[in-house]
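Take a look at the structure below.
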Amino acid sequence: MRKGKVFKYIAIFLIVGLVIVSHAYAARIKDVSSIGGVRDNQLIGYGLVIGLAGTGDNIENGFTKETLANMLSRQGLGMKEGSRKDLSSDNVASVMISAELPPFAKVGSKIDVMVSSIGDADSLRGGTLLMTPLRGADGSVYAVAQGAVSIGGFAAGGKGASLSKNHPTAGRITNGAFVERELKYDFENRKSFSINLYRPDFTTAAGVAVSINGVVAGVEAKLVDSSTIAVNIKESFQGSIVKLVSIVENINVVVHSPAVVVIDEKTGTVVMGENVRISTVAVAHGNLFIQIREEKRVSQPSPFAPAPPAGSAPVDAGGGTIIAPGGQTVVTTETAIGVAEEKNRLVVVPRGVTIQEVVKALNAIGVTPGDLITILQTIKSAGALQADLKVI
């Protein structure tokens, strides 16, 4: 009886320990994946920003002039050929508008838009975007944008100097577009859906499938590949698919990431993943410094020195000595070369079992980030770095 209680307590302790470990390294499915077919759609449009205080496009730009003339014609102001040539205003700028239409967006809802100058405007500060249709990849109009442009900066200057803050030729209009057409989603009547991992991994995908099958009844989750899990709804399932997706998204799964070391040589940045390990190696890293210095020296003739004979030139007497005939100025170059090498000892870097120990061992060598990049590349070449080394 006592042994049974002991085994019972041990089993409970192991189960609690596994739960704590899995929870400590777990993430929600919605944070590491997306639902297949549910995504944003990009929109784009071309329009005019008006009301600029002399910071707009040079009206000599053909597309700006033609766009302004066409806009005035649509407003009932007849523009003859001669009047089009005389059209002049630096308070107008041609812009491109971009936006993202979220899934399930309804007619009348508002979305944010980005406004970017495509001409030679100096600033869009204080401008107002005129009504601009936004089209999708299929050419259909899905939203209409209009409103005051906010750039969060400024640009000012004169003929001799200028001053700017942030980027004055690109701005944003919060809730600046109304949705005019909805994307059709027959989501409620579907009998299956897919889960796509942001980062493909067979181990993580298998864990997602096991977690869904263990938590939700009436569905079957199958592993399709390293990034896709297909969830099929059985006839016995009772409920809404929208509610099902909500339940699935909030299931915690253990995310397995590969061992990767990312190096950015442009900035000297080194980022290591949690699973990076190194074998025991001996490292000696020393820098070799070579300095070359040149100095110019001028030899002036003494006062009242006789003029050099016609056609004569300085003669190299060897050993850096130059003999100049008569009173002639001679410029010589003296070069000094120095070589210095750091005398670092051979340091044994022990095998690291955690990322903290790996970093501690590498820091013990006392190298800079630039030297660390070289050391990691060399350790990888020696086969002692158990990680994928990526240089960006």
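Just so it is clear, none of the values below were taken in a lab; they were calculated from the coordinates. Remember, predicted model here, so these are calculated numbers, not experimental data. Here Cβ is always computed from backbone atoms with ideal geometry, including for glycine, and neighbour counts include all displayed protein chains.
What FRET efficiency do you get for Ala206 and Phe178 if R0 is 30 Å and r is their Cβ-Cβ distance, rounded to the nearest 0.05? Calculated transfer efficiency: 0.10.
Quick check on my link table: of Lys191/Lys243; Lys266/Lys390; Lys165/Lys266, which ones sit more than 19 Å apart, alpha carbon to alpha carbon? Could the numbers behind the result be given before it?
Numbers: Lys191/Lys243 13 Å; Lys266/Lys390 13 Å; Lys165/Lys266 26 Å.
Distance filter (> 19 Å) returns Lys165/Lys266.
Does the range 141-281 come out rounded, prolate or oblate, given a ≥ b ≥ c as the square roots of the eigenvalues of its C-alpha gyration tensor, rounded meaning a/c under 1.5 and, failing that, prolate meaning a/b above b/c? Oblate. Compared with the alpha-carbon gap, the fully stretched path from Ile251 to Ala382 is longer by 43.0 nm at 0.36 nm per residue. Spin-label model, Lys191 to Asp112: label points 7 Å out along the Cα-to-beta-carbon direction sit 4.1 nm apart.
Within the same chain, aspartates and glutamates fewer than 8 places from Lys65 are excluded, and of the rest, those with a Cα less than 20 Å from its Cα are Asp57, Glu81, Asp86, Asp90, Asp120, Asp122.
Straight-line cross-link partners of Lys296 among the aspartates and glutamates, defined as a Cα under 17 Å from its Cα and at least 8 positions apart when in the same chain: Asp316, Glu334.
Label-to-label distance, Ile392 versus Phe104, with points set 7 angstrom from Cα along the beta-carbon direction: 3.2 nm. Can you give the FRET efficiency to the nearest 0.05 for Ser164 and Ser236, using r as the Cβ-Cβ distance and R₀ = 45 Å? Once the sixth-power term is evaluated, E becomes 0.10.
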